[in-house]
1. Calculate how steeply helix 84-97 sits against the longest principal axis of the alpha-carbon atoms of the chain, using the helix alpha-carbon long axis, and give the answer as 0 to 90 degrees to the nearest 10.
2. Relative to the longest principal axis of the C-alpha atoms of the chain, give the angle of the C-alpha long axis of helix 42-54, reported between 0 and 90° and rounded to the nearest 10°.
3. Most mobile of VAL36, VAL57, VAL104 per a Gaussian network model of the chain (Cα springs, under 10 Å)?
4. Would you pull out the residues with amide H under 5 Å of VAL36's amide H, same chain only if 5 or more places away, H placed 1.01 Å from N?
5. Where does the charge balance sit around PRO127 when Lys and Arg score +1, Asp and Glu -1, over other residues with C-beta under 13 Å from its C-beta?
6. Let's see if you can work this out: charge +1 on each Lys and Arg Cβ, -1 on each Asp and Glu Cβ, no other charges. What is the dipole magnitude of the chain about its Cα centre, in debye to the nearest 20?
7. Based on the Kirkwood radius over alpha-carbon pairs, what is the Stokes-Einstein translational diffusion coefficient of the chain at 10 °C with 1.306 mPa s viscosity, in µm²/s?
8. For the stretch 35-106, which trypsin sites (Lys or Arg not before Pro) pass both filters: DSSP loop (anything but H, G, I, E, B) and at most 15 other C-beta atoms within 10 Å?
Amino acid sequence: MEKLHLKKDASFLDLGCGDGGMLRLFSQQFDAKKCVGYDINGFAIRRGGRQNKLNGVKNITLIKDDMRHAKLAGYDYIYLYLYPKFIVELEDRLFEHLEGDTVVICNTFYFVHHTPFEVIHDKRGKPRLHLYKK
């Protein structure tokens, strides 16, 4: 994450957020103003809500819903750490609805029909984060 040069006071959307762990990281390390996560797993959403409450994190909203129903507008960054099957399902809709300078961050897996403007490699030299814009 230290190689990501994300702007402070930004807004983040995490599709398939689990318990919102990445949103907590974005909130704490990058002083995010708004963090929203979608996940179908109600248990993970409830666990994340408890974690947010215990840690006093108030700028994260976790939504139990299919990520394909997420509103994609109004975010500076959209984060994905999904299996390739789901990335393929989301690719067209995501790029169709991207606004302005919104940056999509794909962790490990990548889009088939779009080229990242930057690829960040891990310590072993493997591509880890793929960054995209419209």
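What follows draws every value from the coordinates through simple rules; no lab data is involved. Fair warning: this is a prediction, and the values are worked out from it, not measured in the lab. Note that we place each Cβ from the backbone using ideal geometry, even for glycine, and neighbour counts take in every protein chain shown.
1. Computed tilt is about 90 degrees.
2. So the inclination is approximately 70 degrees.
3. Its mean-square fluctuation being the largest, the pick is VAL57.
4. PHE12, LEU13, ASP14, THR61
5. Net of charged neighbours comes to +3.
6. The calculation lands at about 520 debye.
7. 106
8. Here the sparse-neighbourhood loop sites are LYS58, LYS71.
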